[in-house]
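Notes to accompany the following structure.
A short reminder: the numbers here are calculations on the coordinates, not readings from a lab. Bear in mind the structure is a predicted one, so any value in this text is a computation, not a measurement. Neighbour counts are summed over all protein chains in view; Cβ atoms, including those assigned to glycine, are modelled from backbone coordinates with ideal geometry.
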Amino acid sequence: AKRIPGTSLSMAERRFAQMSSTALENEQALRKGIRNQEIYLDYQPKIDAVSGRLLGFEALARWHRPGIGPVSPVEFIAIAERTGQISELGSLLLERACRQIADWRRAIGGCVPVAVNVSPMQLLNKGFPQLVQRILQQTGIPAHCLTLEITESAAVENLEDTQTQLQQLRALGIEVAMDDFGTGFSSLSMLRELPLNTLKIDRGLISPLPAPDAVAVVTAICQLAGALDLQVVAEGIETLEQAIAARDAGCHALQGYYYARPLTVADAGAWQQRELGA
Ligand code: C2E
Ligand code: CA
Ligand code: CA
Ligand code: CA
């Protein structure tokens, strides 16, 4: 049977182990995982569409569950939300990312912005802006080194609360990106009402590039973004053809396996060193 690297379980055994985990077991395993610092971040580069230079990273959460292996963040973030652990996990990850920015700043002398994903429940927590402020103070990083990625669903369901939270975060100097744009049901007026810096176009709209209809949609989004003074990131770039089509459609930044998979801290650090040395 095919072995998963880093575990002693076969694919079938692993699937069985996952399926047979009850909700309670998942909850307890995650609680333990958080306590034992089993959850960490990888960093995927964002590339300037025109110059090809590094613009920053997106931090992506990873969990190797003991005895089971890697669990998708989609899955364990959902468990954290369902079981009331998202505040703890979310602030832990945010703190981790900010400490990493601080370490890189010391090592490299400048900051490469890092984007952190924020779950809707975390964002709508009343004390969230204060938490972010405290973490910035404790880690000593400038606010512009941090971007928060939020999703459409949160904003659609709670427009006013989202607005209030984002205004407070922007007042700190933090940048805000709308993630997965094009998958939800956001009205275009919502884009005007939220204080955003960036739109991230979902992979679902990027994958079909350079098909003409996809080019038309991405071009229209970039024009809209331009009119609203928003930057555009294309996510899920897997081929050179997609990269060229996204650039020509007007996307400012490109992210995806074509450039790099999410990297370890060491590899992401080496990438920055290389850029600065060049
Ligand atoms: P997302 O924020 O949309 O992140 C992009 C996902 O696409 C990541 O999956 C990334 O590894 C993957 N990806 C990047 N480039 C490519 C590509 O070229 N092709 C393909 N097929 N995929 C690509 P990942 O790491 O499994 O994360 C999945 C989702 O889990 C994220 O989607 C995000 O919604 C959530 N997530 C991850 N980390 C965190 C976190 O720290 N906090 C919160 N709240 N959510 C997180
Ligand atoms: Ca994201
Ligand atoms: Ca996304
Ligand atoms: Ca997504």
List the extent of the Cα atoms of region 161-212 along each of their three principal axes, largest first, rounded to whole Å. 40, 21, 13
With an 8 Å cut-off on Cα pairs and a minimum separation of 6 or more residues, tell me the relative contact order of region 178-278 in percent. 24 percent
Taking every DSSP beta bridge with both residues inside the chain, roughly what % is antiparallel (nearest 5)? 40 percent
Rounded Å value of the spacing that divides the Cα centres of region 69-141 and region 153-225: 20 Å
Global form of region 184-227, assessed from the alpha-carbon gyration tensor, a/c cut-off 1.5: prolate
Once you charge only the Cβ atoms, +1 for Lys and Arg and -1 for Asp and Glu, what is the size of the charge dipole of the chain about its Cα centre, to the nearest 20 debye? 980 debye
Rounded, prolate or oblate: pick one for the chain, where a ≥ b ≥ c are the square roots of the eigenvalues of its C-alpha gyration tensor, a/c under 1.5 means rounded, and failing that, prolate if a/b is larger than b/c, else oblate. rounded
Toward the positive end of the charge dipole of the chain, about the Cα centre and with charges on Cβ (Lys, Arg +1; Asp, Glu -1), which of 122, 51, 29 goes farthest? 29
Hits among aspartates and glutamates - C-alpha to C-alpha of residue 126 under 15 Å, sequence gap 8 or more where chains match: 88, 160, 161
Let me have the relative contact order for the chain, percent, based on Cα pairs under 8 Å that are six or more residues apart. 17 percent
Treating region 119-278 as a set of equal point scatterers at the Cα positions, no solvent, please give the Debye-formula log₁₀ I(q)/I(0) at q = 0.09, 0.17, 0.19 Å⁻¹. -0.34, -1.10, -1.24
Could you give the size of the charge dipole of region 61-205 about its Cα centre, using +1 on the Cβ of each K and R and -1 on the Cβ of each D and E, expressed in debye and rounded to the nearest 20? 560 debye
Return the Rg/Rh ratio of region 51-92 with Cα-based radii and a Kirkwood Rh. 1.14
With a sphere of radius 10 Å drawn around the Cβ of residue 63, what net charge do the other residues whose Cβ falls strictly inside it have (Lys, Arg +1; Asp, Glu -1)? 0
Unpaired by the 4.7 Å Cβ criterion, cysteines found in the chain: 98, 222, 251
Just tell me, in residue order, which DSSP H segments of the chain are both 27 angstrom or longer along the helix axis (alpha-carbon based) and at least -1.0 in mean Kyte-Doolittle hydropathy. 86-108
Dipole of region 128-255, Cα-centred, from +1 at each Lys and Arg C-beta and -1 at each Asp and Glu C-beta, to the nearest 20 debye? 380 debye
